[in-house]
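Some notes on the structure that comes next.
Any read-out appearing in this document is the output of simple, stated calculations on the displayed coordinates, not a laboratory observation. Since we're looking at a predicted model, the values are computed, not measured. As a convention, Cβ positions derive from the backbone with ideal geometry for all residues, glycine included, and neighbour counts pool all protein chains shown.
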Amino acid sequence: MATQTTPASLGTPPAPDTAGTGARRPRGRRVIRRGERGRAASAGLHLGLLAASCIALFPPLWLLVTSFKPRGDAFSLDLVKNFTFANYDYVLNDTKFLTWFGNSLLIVVLTVTIAVFIASTTGYALSRFRFPGMRPLLWTLLITQMFPVAVLIVPLYNLMAMFGLLNQPVGLVITYLTIAVPFCAWMMKGFFDTIPVSIDESGRVDGLNPFGTFWRLILPLAKPGLAVTGFYSFVTAWAEVAYATAFMTGEDKLTLAGGLQTFVNQYNNNWGAMTAAGVLIAVPAAVVFGYAQRYLVSGMTSGAVKS
């Protein structure tokens, strides 16, 4: 005798296929869609980011802590057992730190000003004009970044000695321009490519020459790119060590990077003073970064277009 089959006798039906794969998932299990992380993956990601943040923040924090320790406690694992400002007092009053700061500030201002002007005008010309040798020039700007500093020290030293620019701030500025300008010009070219050419055409209709169009119309729109160029030039001139120590001699001619080496060398071992000077050097860089950081992301992404 046939019996009637009811839904209750068949049990709970399986959950429908929501992913379109033909398989049915058990009821009660959440489907993880494509691009969505599970709880374990999300927890692992956050733990990894936390660990990376701790690793990145530990060196500058320990530098700051060591700068407030007495000279004999520089290698102690205690945080600040005997808090003191003696290291900062020694650096500011008993060394040539302020002279080094003035030398570095002069070199940085000249480097940033000249590098921003040359890189922006070069990038604009490469973006807007077509002339013989443009493609080789672009490749030349890129290839110059492939040579390490150690390879260029000797030829640059010979050139500076030939022109009498050794131990002169101008020689160091020219050297830093050879580092900053090629990269910044390539980057500014990519940034100017994102600005519509119609703006240039409207400037020419109003009677502006090419430089007037660049100066009055295009340059105000290029603030993010200029900020990245200025910041890269600043970092190049402020934190560079190899050229500064090779081309500048004498305490009165040293920059901050070269002056740091006077605290720890074969004749002296004052780690407390070196950490205090390192903190003082990092403060202006942090201020400049804080001012320019709102432009950095947009400037870098705008300049990262295909040439």
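Annotations for the structure displayed:
- For segment 43-117, the alpha carbon convex hull comes to 135 Å³ per residue, rounded to a whole number.
- Taking Phe289, Phe214 and counting other C-beta atoms within 10 Å, the order from fewest to most: Phe289, Phe214
- Peptides 232-238, 71-77, 107-113, ordered by how many other C-beta atoms sit within 10 Å of their residues on average, highest first, read 232-238, 107-113, 71-77.
- Ascending count of other beta-carbon atoms within 10 Å, so fewest first, for Tyr291, Tyr267, Tyr88: Tyr267, Tyr291, Tyr88
- As a proxy for reagent exposure, ranking Lys81, Lys189, Lys223 by other Cβ atoms within 10 Å from fewest up yields Lys81, Lys223, Lys189.
- Between Gln145 and Asp78, the FRET efficiency estimated from the beta carbon spacing at R0 = 41 angstrom works out to 0.40.
- Local charge for Met248 was computed over the other residues whose Cβ lies under 13 Å away, with Lys and Arg +1 and Asp and Glu -1, and equals -1.
- Within the same chain, lysines fewer than 8 places from Lys223 are excluded, and of the rest, those with a Cα less than 22 Å from its Cα are Lys189, Lys306.
- A crude spin-label estimate for the pair Val241 and Leu106, with each label 7 Å from Cα along the Cβ direction, gives 2.5 nm.
- Cα-derived Rg over Rh, computed across segment 173-307 with Rh taken as Kirkwood radius: 1.14
- Here Lys81 is the anchor, and the lysines within straight C-alpha reach of less than 21 Å, apart from those fewer than 8 places off in the same chain, are Lys69.
- Whole-number D in µm²/s for segment 33-86 (Stokes-Einstein; Kirkwood sum over Cα pairs; 10 °C, 1.306 mPa s): 115
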